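Contents: one structure, followed by commentary.
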Amino acid sequence: MNAPATPADTLRTALAGLLDGLPPRQAAQAVERLIANYRGATPTDAPILRDRADVVAYAAYRMPATFAAVRSALAAFSDAVPEWAPAGHVDVGGGTGAATWAVSDTWGGVRPVTVLDWAEPALALGKEIAAAHPALRDTRWQRSRIGAALTVDDTDLVTVSYVLNELTPSDRAALVDAAAGAAQAVVIVEAGTPDGYARVIEARQRLVDAGFHVAAPCPHSAACPIVPGTDWCHFAARVSRSSLHRQVKGGSLAYEDEKFSYVAAARFPVAPAPSRVVRRPQIRKGQVLLDLCETDEQIRRRTVTKRHGDLYKAARDADWGDPWPPADE
Ligand SMILES: C[S@@+](CC[C@H](N)C(=O)[O-])C[C@H]1O[C@@H](n2cnc3c(N)ncnc32)[C@H](O)[C@@H]1O
């Protein structure tokens, strides 16, 4: 008997179906228009996702990547709070609902879910896609503008993925404060760029100031050791490329790596990783070089050699973003 489809599988199938009946040229043109809009000056005064063609393009082209990034952040978060699962979820600036799928894929089960966004076409398409997954069928898709007047109902988990980028500094602050005021746990994901990292670090500080404990990716809630402007903390999630991706971007690679920055924090006690691999490990003959963010607020390069026995084997399997040492070492 086949294993039941995971939410990730169901989402992939549902997104592939969106393009059925849409001539490939038209789909590619919609994506190109969307990319051009996103290149324009953000924040904007009005939604970028204006009509169905925009949101179908967004969902088919970007949602697999935003889903993968949020899923990866949630995996790290759930490792730090192994006994916890959210009893409710609000996704702010949720668009077509990528984070609702990632939450469902992480914890399973059914919970009240609300998606807030100001773009009606995105909410409508999100609802349509969610019909494919019983656990998301009762999701509330609610029109809401992020700003000083934003209210978020009390819930266990608030997610904010790829949204801070589209907001003014004061709206970003209002959103993080509203999330901190409403939730037991907040997970924020941004693009893995220097600017995305800067927005995450600013939000992280607001959460800490509001009494939250950082659960991931950092091993502590103290200041980030990265000197602003010299580097940026980010990770990568592997995403299969669809034929639409190949058409828009050219090339024949079967996958690409979505780079993202994130912070996951909770009001309740958390058990963050003792340290985390913050760059792609370098494997040399008989040794592995790991760049680790450590509990004492430093990033250090550690060399693990054959002499370390099982730890060396674990280092060879370690991936960028993993906790170190692995939980069972
Ligand atoms: C890049 S999309 C991300 C969507 C989704 N969170 C994801 O990860 O795929 C940004 C979303 O933020 C929403 N947004 C931007 N500014 C907003 C505002 N001021 N109020 C409400 N929603 C906003 C947009 O409509 C859009 O759906």
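All of (1) part of a helix (DSSP H, G or I); (2) of a type in the set (A, V, I, L, M, F, W, C); (3) touching a strand residue (DSSP E or B) at 6+ places or on another chain (Cβ under 8 Å) hold for Val90 with one exception: (1). Taken over the range 264-322, the criterion of being β-branched (Val, Ile, Thr), surrounded by fewer than 16 Cβ atoms within 10 Å (Cβ to Cβ) and in contact (Cβ under 8 Å) with a residue 60 or more places away in the chain is satisfied by Thr295 alone.
Taking the conditions (1) touching a residue at least 12 places away in the same chain (Cβ under 8 Å); (2) surrounded by fewer than 24 Cβ atoms within 10 Å (Cβ to Cβ) in turn, Asp45 satisfies each one other than (1). Every condition in (1) more than 8 Å from the ligand (Cβ to nearest atom); (2) of a type in the set (Gly, Ala, Ser); (3) under 22 Å from Leu15 (Cα atoms); (4) not in a helix (DSSP H, G or I) holds for Gly95 except the one numbered (1). Return the pair list, or none, for Cβ contacts closer than 6 Å from residues in the range 51-68 that are more than 10 Å from the ligand (Cβ to nearest atom) to residues that are not in a helix (DSSP H, G or I), at least 6 apart or on different chains. Short answer, once both residue conditions are applied: Ala60/Leu19; Ala68/Ala237; Ala68/Val239; Ala68/Glu258.
In the range 99-129, the qualifying residues are those that are in contact with a Gly (Cβ under 6 Å, 6 or more places away or on another chain) and small (Gly, Ala, Ser), and the one that is farthest from Asp9 (Cα to Cα) is Ala122.
What do you reckon, is Ile48 in contact with a helix residue (DSSP H, G or I) (Cβ under 9 Å, 6 or more places away or on another chain), modelled with pLDDT under 95 and not in a helix (DSSP H, G or I)?
Yes; evaluated as a whole, the condition is true for this residue.
Exactly one residue out of Ala99, Ala65, Ala57 is more than 23 Å from Pro323 (Cα to Cα), out of contact with any Phe, Trp or Tyr (no Cβ under 7 Å at 6 or more places or on another chain) and open to solvent by less than 30 Å² (accessible area, probe 1.4 Å): that is Ala57.
The values are calculated or read from the model by the stated rules, or taken from the named source; none is laboratory data. This one's a predicted model, so the numbers in the text were calculated from it and none came from an experiment. Counting neighbours? That spans all protein chains shown, and the Cβs are built from the backbone with ideal geometry, glycine included. We work out accessible area using only protein heavy atoms, side chains counted, and drop any ligands, DNA or RNA first. Shrake-Rupley method; radii C 1.70, N 1.55, O 1.52, S 1.80 Å.
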